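Comments concern the structure below.
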Amino acid sequence: MTEKLVVIGAGMASGRVIEHLIEADPDAYDITLFNAEPRGNYNRIMLSPVLSGDKTYADIVTHDDAWYAAHGVTCRFGEHVVRIDREAKLVEGQNGPVPYDKLIIATGSAPFIIPVPGKDLPGVITYRDLDDTNAMIEAAGKGGKAVVIGGGLLGLEAAAGLSERGMDVTVLHLMGHLMERQLDEAAGYLLRKDLEGRGITIRTQASTKAILGEDRAEAVLLESGETLGADLVVMAVGIRPETRLATDAGLEVARGIEVNAQMQSLTDPDIYAVGECVEFDGHLFGLVAPLYDQARVLARSLLGEPDAFVVRDTATKLKVTGCDLFSAGDFAEGEGREDIVLRDPARGIYKRLVIEDDRLVGAVMYGDTADGNWFFGLIKDETGIEEMRETLIFGPAFQGEGAADPLSAVAALPPEAEICGCNGICKGTIVQAIEGGAADLGAIRAQTKASASCGTCTGLVEQLLQVTLGDEFQMPTAQPVCGCTDLCHEDVRRLIKSRELKSQPAVWQELGWKTPNGCHVCRPAVNFYLLADWPLEHQDDPQSRFVNERKHANIQKDGTFSVVPRMWGGITNPRELRAIADAAEKYDVPTVKVTGGQRIDLLGVKGEDLPAIWADLNRAGLVSGHAYSKGLRTVKTCVGTDHCRFGTQDSTGLGIRLEQILWGSWTPHKVKLAVSGCPRNCAEATCKDVGIVCVDSGYQVGVGGAAGMDVKETERLADVATEQEAIDVTVAFVQLYRENARYLDRPYKWLAKVGLDWVRARVADPGERARLIEAFELSQSIYRKDPWAEHAKKADRFRPLADLTLEAAE
Amino acid sequence: MSWIDIGHIDEVPLHGARIVKTRAGCIALFRTAEAEVFAAADACPHKGGPLSEGIVHGQSVTCPLHNWVFDLNTGQAQGEDGRIATYPLRLEEGRILLDGAALDKRRAA
Ligand code: SRM
Ligand SMILES: Cc1cc2nc3c(=O)[nH]c(=O)nc-3n(C[C@H](O)[C@H](O)[C@H](O)COP(=O)(O)OP(=O)(O)OC[C@H]3O[C@@H](n4cnc5c(N)ncnc54)[C@H](O)[C@@H]3O)c2cc1C
Ligand code: SF4
Ligand code: FES
């Protein structure tokens, strides 16, 4: 016989209960689900990414209409439950009553509103549901000032989101440092610094006295008497369990609805409660991990299976991109407790472990939280740490057989180690799923729920995929270049050198290519390898190049091209500008744009006009900017000693000299340089493939920066005293990269494989440095020339072979 | 059949292409080997990419915009639901000849 189950509140906790019930026995209950919000269950945790614009509501829906329909759940969304009649066993919704055999109260919690004058004014918003989030997004659309009251998890996520959307945000926090419940002072300080760095103002020990305004919020008045202008006020000072229905129905309620370990109310055996609205053994709950445990227990209780809820430690993370913090356990100082602290001020890293009786009891981390789950595991399992005490703070990679491989840390985790904190999914469960055929993140999320809530464990899950599948599948580095060969890039490079293969047909033949002449994947790579190793012998093959490099212009989505002349070091003059303007007019160029690389782009040039426009530009001394090439792109400079009061060296001159030495050279991927005249770094040298920062004592040469799909700061290759040395080191580095890197690896990717130390040693060795420079010069004797000038001579190749539009029809 | 002389094979780069303008749009000539040329539509059925700018390999061409690969014998795209029109072509002592009747049919179609 099917019993009637009524659920009040369609939130994250009850959603999980219903999933468990349906999975275990779809016919056990006839379910009616009330929700005050006009929608079903969504991933409330992810409201912050919705606020910041990284996700949409559609991305975070957990159960959609089709899901409820498919599982026969009767939905009464947008309807408040107003009363529970225990006598008659009825739940009264706004639109009428429903009888129940069993009832679940899952009403979550309500934001706490500080009782100050003005709290009810329009423009004062709390942060709990999608409507609040949308209200904030709408308010942010008008810009202006926002004041967020509360510097805890919710308040800071709201502040970061609003600031991302362009509002001028101030956070008011009553206590001395941010997130004081989760962070100690040092970590709170780093968090504050990061938030301030993105333009958010933080006021600690700030107490709100009133919200001022005529018919909407206009300002916040502090106890100190100060007023802060505010177009939007967000109150995020805490939550309290939503217990009104339970209290009215005469159930036992302390701070939350009191339940036993089976999630049954203490008063009425047919009424259960789950989620943030409950109180168990004196505990309240505000994070999803324990709620999911409750949900499992409750579902089993309803099916008559024994289970009991136990309170576990929880760990906290903040979902603000760029603010990496982690906290778990108890980190208060105390008698018999010992701290281990690691700080790296330069990188903004702070880690603190609290140890008591050879057990880890608490961990706070800021800046680098990769090992968080490992520490959390030690805390929960009360693992003895005597043996690793010395190296504990360096994390799992330094324990045991000292493998520095990031994967070995994951491999070393025991099966019980928790990977996904939100859903309490341990390594064993995930590995089982992978072994059962789940081969990607999507499949693992669907089968285990790991990484499907807040998503911070995604990296770990991916590493598990790698570790587990690694045995059956080839490691990614050994992947063949493409379907034409079984060899990987590294092998092809090595064999081209050692067997002195100097042409493409030689490679196809000697290395056993399976296709007659390769494909669009391997041919550009092989052409580059040959060109880099045998500059004199190998004839560059334009037909093995992507259209941009073959045409020396970037193809546009409509089939036209862009033309970017070189502006050495970003310096130009009236004559060049006039030539560019004339060309733009003469060839009807629709768009003239200043690029991010300190030069001018003529976009929308017709393919057949290319030779003519190049010839015109050539006449004014302008040459190709190689904006299309896997080769030297731009050398950005700042004004340096020529004009700037802070300049220490001639950064513009050095940039121009470098560009004149390096231009025309082909490289595995594009190469961008910059030279800044002082550490203020106006040329943004520290995110380039090679970036030079001039200082009083000389030149700091950094390499391996990036600011595209990945963002990376350069690492120091060398500090040198003279301009000539700076040039030599740069040229040697570029040549080493040309000789060794895999095609389409930017320098930073290559460096991650070979290690900066190896590169530094090669470039520092005087003999090797000289060889590299000489090899580069030899190659440049062929390639340091303007391809436009060459191609302008072959204009007919850019025209149709024949024009049949004039032929008489038959 | 009415064969029209288009030009000499050496005017098309090896593993490259040239286009021929017709009243119904451009046709591309792909030179796949020393003495092998194919004629096919120049526009990619995906998003109109100019196939004559693609990389020619084996008897196939890869579209420069999003890498669809077309077999020049049949016009069929590898693993995609798409096909380009192909045209009869003859090589006579290095001269490339196209069939005017086939080109006209293309205009009528
Ligand atoms: C024109 C320009 C944008 C602008 O209007 O400012 C531009 C335009 C293109 N960029 Fe860029 N990038 C331009 C500066 C940049 C910068 C900024 C810089 O150089 O200071 C970056 C980030 C820095 C970096 O490279 O690390 C940048 C990172 C990228 C990337 C990502 C590279 C990476 O390794 O992460 C690509 C994709 C790629 O190369 O594979 C790309 C690719 C492209 C392509 C070539 C896309 C394509 O394949 O068609 C665009 C060609 C547009 C065209 O038809 O002309 N563009 N691109 C800039 C030309 C600068 C120049 O004068 O040469
Ligand atoms: C912005 C934000 C970020 C968060 N980030 C994290 C995080 O990173 N990690 C983490 O673990 N937790 C996070 N949380 C907390 C987490 O979302 C909650 O712990 C969880 O949603 C609580 O689940 P619940 O089912 O108890 O309540 P809820 O999910 O709030 O669901 C309760 C539902 O009941 C409905 N309801 C209430 N009263 C009635 C009534 N009388 N009649 C009908 N329906 C009613 C409500 O409308 C609501 O939809 C975050 C919360 C927010 C708001
Ligand atoms: S960011 Fe670069 S690649 Fe992307 S659209 Fe703009 S120009 Fe094109
Ligand atoms: S246009 Fe040819 S693949 Fe997209």
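Side notes on the structure shown:
- For chain A, the longest principal axis of the Cα atoms and the long axis of helix A:489-498 meet at an angle of about 30 degrees.
- Residue-wise HN-Hα coupling along the stretch A:377-393, computed from phi with Karplus coefficients 6.51, -1.76, 1.60 (Hz; x: Gly, Pro): x, 4, 5, 5, 8, 6, 5, x, 10, 2, 5, 9, 3, 4, 10, 3, 5
- DSSP-defined antiparallel bridges as percent of all bridges, the protein assembly as shown, nearest 5: 70 percent
- Gain on full stretching of the segment that runs from residue A:469 to residue A:382 - 0.36 nm per residue minus C-alpha separation: 28.3 nm
- Point-to-point label distance, residue A:619-residue A:79, nm (Cα→Cβ direction, 7 Å offset): 8.1 nm
- For the protein assembly as shown, the per residue solvent-accessible surface stands at 44 Å², with DNA, RNA and ligands left out and a 1.4 Å probe.
- For A:793-802, mean number of other protein chain Cβ atoms within 10 Å: 5
- The slack between residue A:226 and residue A:196, meaning 0.36 nm per residue of separation minus the straight C-alpha distance, is 8.7 nm.
- Structural descriptor for the stretch A:530-634: relative contact order 32 percent, calculated from alpha carbon pairs under 8 angstrom and at least 6 residues apart.
- Reduction of at least 30 Å² in accessible surface, 1.4 Å probe, comparing all protein chains with the chain by itself, residues of the stretch B:62-103: B:64, B:65
- Label zone at residue A:116 (point 7 Å along Cα-to-Cβ), backbone N below 14 Å, the stretch A:214-241: A:217-238
- Intensity falloff of the stretch A:408-540 expressed as log10 I(q)/I(0), Debye formula with alpha-carbon point scatterers, at q = 0.16, 0.18 Å⁻¹: -0.75, -0.84
- Accessible-area rank, largest first, for A:71, A:173: A:71, A:173, with all protein chains present and a 1.4 angstrom probe.
- Inter-part distance, the stretch A:167-240 to the stretch A:639-695, computed on C-alpha centroids, equals 42 Å.
- Exercise: per-residue mean of other protein chain Cβ atoms within 10 Å, B:10-21: 5
- Karplus 3J(HN,Hα) series, Hz, for the stretch A:542-547 with 6.51 cos²θ - 1.76 cosθ + 1.60 (x for Gly, Pro): x, 6, 9, 10, 4, 3
- Centre separation in Å (Cα based) which lies between the stretch A:84-149 and the stretch A:342-391: 38 Å
- Buried solvent-accessible surface, both chains (B, A), 1.4 Å probe, Å² to nearest 100: 2700 Å²
- Centroid-to-centroid separation of the stretch A:479-552 and the stretch A:1-77 [C-alpha atoms, Å]: 56 Å
- Built amide H within the under 5 Å cut-off of residue A:784, gap 5+: none
- Span per principal axis, largest first, for the Cα atoms of the stretch A:324-391 (Å): 32, 23, 22
- Atom-type composition of the exposed protein surface of chain A places 50 percent of the accessible area on carbon and sulfur (1.4 angstrom probe).
- Available extension along the chain between residue B:34 and residue B:83 is 15.1 nm, counting 0.36 nm per residue and deducting the alpha carbon span.
- FRET E, pair residue B:67, residue A:479, Förster distance 22 Å, beta-carbon r, rounded to 0.05: 0.80
- Of the trypsin sites (Lys or Arg not before Pro) in the stretch A:531-613, the ones in a loop by DSSP (not H, G, I, E or B) with at most 12 other beta carbons within 10 Å are A:557.
- DSSP-assigned coil residues among GluC sites (Glu not before Pro) in the stretch A:115-212, each with at most 16 further Cβ atoms within 10 Å: A:180
- Residues in the stretch A:573-585 carry Karplus couplings, in order, of 8, x, 5, 5, 5, 5, 5, 5, 4, 4, 5, 4, 6 Hz; the curve used is 6.51 cos²θ - 1.76 cosθ + 1.60 with θ = phi - 60°, and Gly or Pro positions show x.
- Computed on the Cα atoms alone, the convex hull of the stretch A:632-788 gives a volume of 106 cubic angstrom per residue.
- Residue-level accessible surface for residue A:25, protein heavy atoms, 1.4 Å, Å²: 60 Å²
- The mean number of partner chain beta-carbon atoms within 10 angstrom of a residue's beta-carbon across peptide B:22-28 is 3.
- Counting only heavy atoms of the protein chains and using a 1.4 Å probe, residue A:208 has close to 20 Å² of accessible surface.
- Lysines whose Cα lies under 16 Å from that of residue A:586, excluding same-chain neighbours fewer than 8 positions away: A:606
- Residue A:750 contributes an accessible area of around 10 Å² to the protein surface, as traced by a 1.4 Å probe with all chains present.
- Chain A - percent relative contact order, Cα under 8 Å, separation 6 or more: 6 percent
- According to the Cα-based calculation, Rg over Rh for the protein assembly as shown is 1.03, with Rh computed by the Kirkwood formula.
- For chain B, averaging the sequence separation of C-alpha pairs within contact (under 8 Å, six or more residues apart) and dividing by the residue count gives a relative contact order of 27 percent.
- Modelled label reach - residue A:344, point 7 Å along Cα→Cβ, the stretch A:358-393 residues with backbone N closer than 13 Å: A:366-371
The values are calculated or read from the model by the stated rules, or taken from the named source; none is laboratory data. Keep in mind that this is a model prediction, so the values were computed, not measured. Positions of Cβ are generated from backbone atoms using ideal geometry, with glycine treated the same way; all protein chains shown enter the neighbour counts. With ligands, DNA and RNA removed, areas are computed over all heavy atoms of the protein, side chains included. Shrake-Rupley method; radii C 1.70, N 1.55, O 1.52, S 1.80 Å.
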